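The values are calculated or read from the model by the stated rules, or taken from the named source; none is laboratory data. Source: prediction; values computed, not measured. Using ideal geometry, Cβ is built from the backbone for each residue, glycine included, and neighbour counts are taken over all protein chains shown. Remember, those area values only see protein heavy atoms, side chains included, never the ligands or the DNA or RNA. Shrake-Rupley method; radii C 1.70, N 1.55, O 1.52, S 1.80 Å.
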Amino acid sequence: MDSRISAMLDRAYNGSYYTIVGCDGDLDEWKDGYSKMLESNGIGTPQEFISFLGTHMNEKYGLTGTNRYPDDLVFLAFPLDGLRVPKLAMFKIRMQDRWFDDIVDNN
């Protein structure tokens, strides 16, 4: 695995990044849309977004069988820095998204 991707996933895990699973299409539209929704809900605006694929998850975390993600599944995530996390937690529930460390720990 590329060391940059591995380090990015480590940061996402350690920072409990907000994670959207299954982004299809133009990632810039996803980023813009989420940024606007977060801002309009008084949560703030993510400072950065990262994206990675199911194949990266499978390789990094040794996922196999029913725990394995489709290789081309797109994940989009962002750190919690500067965001109103209690409001973000409620937003996450409504959107049915997850924290990255929860995704990893529950595989």
Legend entry - Gain upon complete extension [residue 36, residue 4; 0.36 nm per residue less C-alpha separation]: 8.7 nm
Legend entry - residue 71-residue 47 pseudo-label distance in nm [points 7 Å out on the Cα-to-Cβ vector]: 3.6
Legend entry - Karplus (6.51, -1.76, 1.60) ³J(HN,Hα), θ = phi - 60°, over the range 59-71, in Hz, Gly and Pro reported as x: 6, 5, 10, x, 7, 9, x, 6, 8, 6, 8, x, 4
Legend entry - Crossing angle, helix 85-95 versus the chain [Cα axis fit, 0-90 degrees, rounded to tens]: 70
Legend entry - Option label - log10 I(q)/I(0) by the Debye sum over Cα atoms at q = 0.12 Å⁻¹ computed here, alternatives (i) -0.39; (ii) -0.71; (iii) -0.47: (i)
Legend entry - Residues in the range 30-63 that a label on residue 84 would reach, taking backbone N under 16 Å of a point 7 Å out along Cα→Cβ: 35-46
Legend entry - Accessible-area composition of the chain, carbon plus sulfur, in percent [1.4 Å probe]: 47
Legend entry - Length-normalised contact order of the chain in % [C-alpha pairs under 8 Å, at least 6 apart]: 41
Inset, instruction - Would you tally the net charge around residue 84, using a Cβ to Cβ cut-off of less than 14 Å, leaving residue 84 out, and scoring K and R as +1, D and E as -1? - result: 0
Legend entry - Euclidean distance between Cα centres, the range 80-99 to the range 48-74, Å: 22
Inset, instruction - State in Å² the accessible area per residue of the chain; use a 1.4 Å probe, count heavy atoms of protein chains only, and round to the nearest integer. - result: 56
Inset, instruction - Sort 8, 90 from largest to smallest accessible area, using a 1.4 Å probe on the heavy atoms of the protein chains. - result: 90, 8
Inset, instruction - Would you kindly find the accessible area of residue 20, with a 1.4 Å probe and non-protein molecules such as ligands, DNA and RNA excluded, rounding to the nearest 10 Å²? - result: 0
